[in-house]
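Notes to accompany the following structure.
The values are calculated or read from the model by the stated rules, or taken from the named source; none is laboratory data. A quick note: this is a predicted structure, and the numbers were derived from the prediction, not measured. With ideal geometry, Cβ positions are generated from the backbone for all residues, glycine too; neighbour counts draw on all protein chains shown. Note: areas computed on protein heavy atoms with side chains; ligands, DNA, RNA excluded. Shrake-Rupley method; radii C 1.70, N 1.55, O 1.52, S 1.80 Å.
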Amino acid sequence: MGHSAAVWDHKAAVEVTKDWNGIDQVVLRSPRGSSTRVSLHGGQVISWRNDQGEELLFTSSKAIFKPPKAMRGGIPICFPQFGNRGSLEQHGFARNRVWAIEENPPPLHPNDSKGKSFVDLLLKPSEEDLKCWPHSFEFRLRVSLTSDGDLVLISRVRNINGKPFSFSFAYHSYLLVSDIRYSSCTYKHSVVFSEVRIEGLETLDYLDNLCHKERFTEQGDAITFESEIDRVYLSTPNVIAVLDHERKRTFVIRKEGLPDVVVWNPWEKKSKAMMDFGDEEYKQMACVDGAAIEKPITLKPGEEWTGRLEISVVPSSFCSENLDPSPFLRP
Ligand code: TA6
């Protein structure tokens, strides 16, 4: 296995293992030591580590690893329904199904393979699914790790039905943070902030799930966390930054085909009410999801939708002004 990216054997950097339920998991590695683990249960990314081996995604110590329940953490896929916006189970059924590895999927843009370790997953509806959601589809998910250790998820939903259908969608991303609570203390005569803030959603409208999905407008400053939050931000930019001051780390979220962003933290009270979540764990997580919710995606027969998410981690000196989306956006 070569050490310069050019000779890095990406195929060999893909390992299939089994979890204790006998469900396949795929581990992807990058030349510099980053890795990600994807479970075929839900097509869910369940771990993403940087080249120092540090975990970047939150997983609850009380997470239930027993299908069909989705694991509390990582990046569950909400499809074909986000939340309780419809008659299906919360967040749809895709996160509770076992996906298959697809060896030869229809091609993606060459840049989506070059220099990356990746795996292609496929979900088709079962007879049971068709009873509750009578629409034939093919959901292809490519999970890849760039040579820099960035995590890329590409979803392609194709309507192979006889008639149009609509769906909503989210990459329910549990980001691991140092301490979500905004606080300041004095250290060596200077004020030290422990703070997690989201940049890029300022002044946007949002639907507040804590207030009957009523529509409000965000203030002009970055979002910080002082209480439970459960919002869908609308018509958001393609680049969002989640700054974790204490860890001097910024998650840069680039997205395409995903106009909305969900921001969720259950805070104290709801944390205590969730079986598969520790009472204090709300301090270590922030869900910031690339999503398509407000205007459901409608596909005519034969049509296909693509939703891309790319998450990279950069030193915190970076802030949103520096984030130029153009290199990401496809021609
Ligand atoms: O994304 C926000 C949300 O819809 C919240 O309302 C909360 O329920 C969260 O998802 C987690 O949902 P889950 O079904 O995974 O418990």
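Could you grab me the full set of residues in the range 199-222 that are out of contact with any Asp or Glu (no Cβ under 8 Å at 6 or more places or on another chain) and within 16 Å of the ligand (Cβ to nearest atom)? Those that are out of contact with any Asp or Glu (no Cβ under 8 Å at 6 or more places or on another chain) and within 16 Å of the ligand (Cβ to nearest atom): Cys211, His212, Lys213. Residue pairs, Cβ under 6 Å, 6 or more apart or interchain, first in the range 243-269 and within 15 Å of the ligand (Cβ to nearest atom), second basic (Lys, Arg). List them. Sorted first by the residue in the range 243-269, then by its partner, the pairs are Val263/Arg231. In a residue-by-residue description of the range 37-45, the property of being small (Gly, Ala, Ser) and touching a Leu at 6+ places or on another chain (Cβ under 7 Å) applies to at least one position. Just one of the listed residues (Val239, Val288, Val252, Val263) is crowded, with 18+ Cβ neighbours inside 10 Å, of a type outside the set (Ser, Thr, Tyr) and either at pLDDT below 95 or touching a Pro at 6+ places or on another chain (Cβ under 6 Å) (or both), and it is Val239.
Taking the range 60-80 as the range and being under 18 Å from Leu130 (Cβ atoms), crowded, with 17+ Cβ neighbours inside 10 Å and either within 11 Å of the ligand (Cβ to nearest atom) or free of Cβ contacts under 8 Å to residues at least 40 places away in the same chain (or both) as the test, no residue passes. Condition check: hydroxyl-bearing (Ser, Thr, Tyr) and within 16 Å of the ligand (Cβ to nearest atom). Does Ser144 satisfy that? No; evaluated as a whole, the condition is false for this residue. Restricting attention to the range 110-145, the residues that are assigned to a loop (DSSP other than H, G, I, E, B) and modelled with pLDDT of 95 or more total 7.
In the range 94-109, the condition of being of a type in the set (Gly, Ala, Ser) and assigned to a loop (DSSP other than H, G, I, E, B) is met by no residue. Here is the figure for the range 83-98: residues that are within 10 Å of the ligand (Cβ to nearest atom) and open to solvent by 10 Å² or more (accessible area, probe 1.4 Å) total 6.
Against the definition (among the charged types (D, E, K, R), in contact with a Lys or Arg (Cβ under 9 Å, 6 or more places away or on another chain) and either surrounded by 13 or more Cβ atoms within 10 Å (Cβ to Cβ) or modelled with pLDDT of 95 or more (or both)), how does Arg308 come out, yes or no? Considered against the rule, which asks whether it is among the charged types (D, E, K, R), in contact with a Lys or Arg (Cβ under 9 Å, 6 or more places away or on another chain) and either surrounded by 13 or more Cβ atoms within 10 Å (Cβ to Cβ) or modelled with pLDDT of 95 or more (or both), Arg308 comes out as yes. Restricting Leu151, Leu123 to those that are crowded, with 22+ Cβ neighbours inside 10 Å, closer than 24 Å to Lys11 by Cβ and in contact with a helix residue (DSSP H, G or I) (Cβ under 9 Å, 6 or more places away or on another chain) reduces the list to Leu123.
Does Ala94 satisfy the criteria of being at pLDDT below 95 and either within 18 Å of Tyr171 (Cα to Cα) or not acidic (Asp, Glu) (or both)? Here the answer is no, as Ala94 does not meet what is asked.
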